[in-house]
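The values are calculated or read from the model by the stated rules, or taken from the named source; none is laboratory data. Since the structure is predicted, the reported quantities are computational estimates derived from the model, not experimental observations. Every residue, glycine among them, receives a Cβ derived from its backbone with ideal geometry; neighbour counts consider all protein chains shown.
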């Protein structure tokens with residue numbers, strides 16, 4: 001069997017993480033940092049395509065990886081609404097969807113899809129995204145809220161949470177992922193807490209509805225939120241920033257760096273101590289909330305993401321949730337390896353490559369709460 005040389009791309013707002021794998025062995029990785037000055041000329045994320053592609057190709061060539069040697073490419077997936085987990089083939093229809101002008105909140109990861117598609121058009125290599133940001137497999141009963149127009153949904157860190165659950169099943173429990181039930185809490189600048197059962201993410205708590213984080217405001221009282229939005233003090237963008245970018249630890253303590261907060265606490269800052277404890281407690285409460293969905297029958301709770309490196313955070317959460325089941329701390333992230341492994345499984349025929357157009361055509365059915373009832377509505381009575 002010929003060796004596959006896989007280009008892996010995970011693009012964020014100010015960085016481009018790339019790696020090259022020969023089958024499952026990493027042979028190169030690089031993180032390209034992009035300054036505000038470099039990115040400021042671009043009005044829209046899509047406009048960064050040429051700049052980012054050229055930087056990535058330059059890094060490959062400079063480090064002895066000819067672009068012509070790449071035999072497949074995989075990117076972290078963009079915000080494709082209500083898609084299933086796994087690999088989705090990149091085609092023109094996907095690119096058109098990800099780059100549509102009416103989407104004013106494009107995720108930079110879509111540029112990776114564009115670069116992969118550019119390689120495909122030029123060289124004919126197989127390409128895909130894997131465990132996209134918009135992966136949403138929540139079961140109907142877990143979607144229901146008291147406001148039909150605002151059902152619950154899943155968005156965010158599918159890639160890392162699912163990868164860590166798979167690793168835990170195989171390496172810690174000696175079982176297949178599909179035979180286990182996990183709650184995985186990804187803790188970083190934002191958070192994502194996911195419940196996996198039978199290989200599917202059946203329930204979740206997003207960081208705009210549950211725990212607050214270093215940069216996110218989390219769930220708040222609905223009446224107070226409506227009052228704030230109509231107070232005349234904030235524009236739409238300003239109000240959104242209170243919850244996404246300037247909320248959480250930043251709002252309370254002026255920093256999003258957990259290490260700074262722990263130093264404040266060590267120096268005797270009582271206010272910092274109670275805010276930090278509250279952040280950890282809210283994560284624990286959201287984990288316990290998801291356990292109820294499966295009647296507490298959970299094989300492992302997994303703490304992952306950058307903040308899980310903190311002994312204070314991991315030990316606090318562990319103390320508050322280990323009555324449910326044992327807790328595994330798997331700090332950091334496993335995203336590049338997960339992307340490469342997913343792509344390799346597809347190339348070897350071990351995993352199905354899904355088609356974007358079919359996924360787009362069936363998205364409504366996946367988020368429908370009840371047969372015959374349109375999403376975001378309630379039937380007339």
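Couple of notes before you dig in:
- If only residues of the range 226-255 that are surrounded by 14 or more Cβ atoms within 10 Å (Cβ to Cβ) and in a loop (DSSP other than H, G, I, E, B) are counted, the one that is nearest to the chain's Cα centre (by Cα) is 245.
- Residue 159 being in the same structural domain as residue 223 (by TED's automatic domain parsing), over 18 Å from residue 46 (Cα atoms) and crowded, with 24+ Cβ neighbours inside 10 Å: yes
- Matching residues, the range 98-143, being free of Cβ contacts under 8 Å to residues at least 24 places away in the same chain and either crowded, with 22+ Cβ neighbours inside 10 Å or over 24 Å from residue 209 (Cβ atoms) (or both): 98, 100, 101, 102, 121, 122, 124
- Within the range 90-124, restricting attention to residues that are in contact with a strand residue (DSSP E or B) (Cβ under 6 Å, 6 or more places away or on another chain) and not in a helix (DSSP H, G or I), the residue that is farthest from residue 356 (Cα to Cα) is 108.
Yes/no matrix, rows are residues, columns are (1) assigned by TED's automatic domain parsing to the domain that holds residue 9; (2) outside any helix (DSSP H, G or I); (3) touching a strand residue (DSSP E or B) at 6+ places or on another chain (Cβ under 7 Å):
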{"residue": "296", "(1), (2), (3)": "no, yes, no"}
{"residue": "303", "(1), (2), (3)": "no, yes, yes"}
{"residue": "312", "(1), (2), (3)": "no, no, no"}
{"residue": "318", "(1), (2), (3)": "no, no, yes"}
{"residue": "337", "(1), (2), (3)": "no, no, no"}
{"residue": "375", "(1), (2), (3)": "no, yes, no"}
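So that you can scan it fast, the table gives a plain yes or no per residue for (1) exposed (fewer than 13 other Cβ atoms within 10 Å of the Cβ); (2) in contact (Cβ under 8 Å) with a residue 24 or more places away in the chain:
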{"residue": "7", "(1), (2)": "no, yes"}
{"residue": "13", "(1), (2)": "yes, yes"}
{"residue": "19", "(1), (2)": "no, yes"}
{"residue": "28", "(1), (2)": "no, yes"}
{"residue": "33", "(1), (2)": "yes, no"}
{"residue": "37", "(1), (2)": "yes, no"}
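- The residues of the range 256-280 that are outside any helix (DSSP H, G or I) and at pLDDT 95 or above, listed by number, are 267, 268, 269.
- Filtered residues of the range 49-64 (kept if touching a residue at least 60 places away in the same chain (Cβ under 8 Å) and either surrounded by fewer than 16 Cβ atoms within 10 Å (Cβ to Cβ) or in contact with a strand residue (DSSP E or B) (Cβ under 9 Å, 6 or more places away or on another chain) (or both)): 52
- Hey, residue 358 assigned by TED's automatic domain parsing to the domain that holds residue 72, over 18 Å from the mean Cα position of the chain (by Cα) and farther than 30 Å from residue 262 by Cα or not: yes
- Total residues in the range 57-78, condition in contact with a helix residue (DSSP H, G or I) (Cβ under 9 Å, 6 or more places away or on another chain), more than 15 Å from residue 125 (Cβ to Cβ) and modelled with pLDDT of 95 or more: 1
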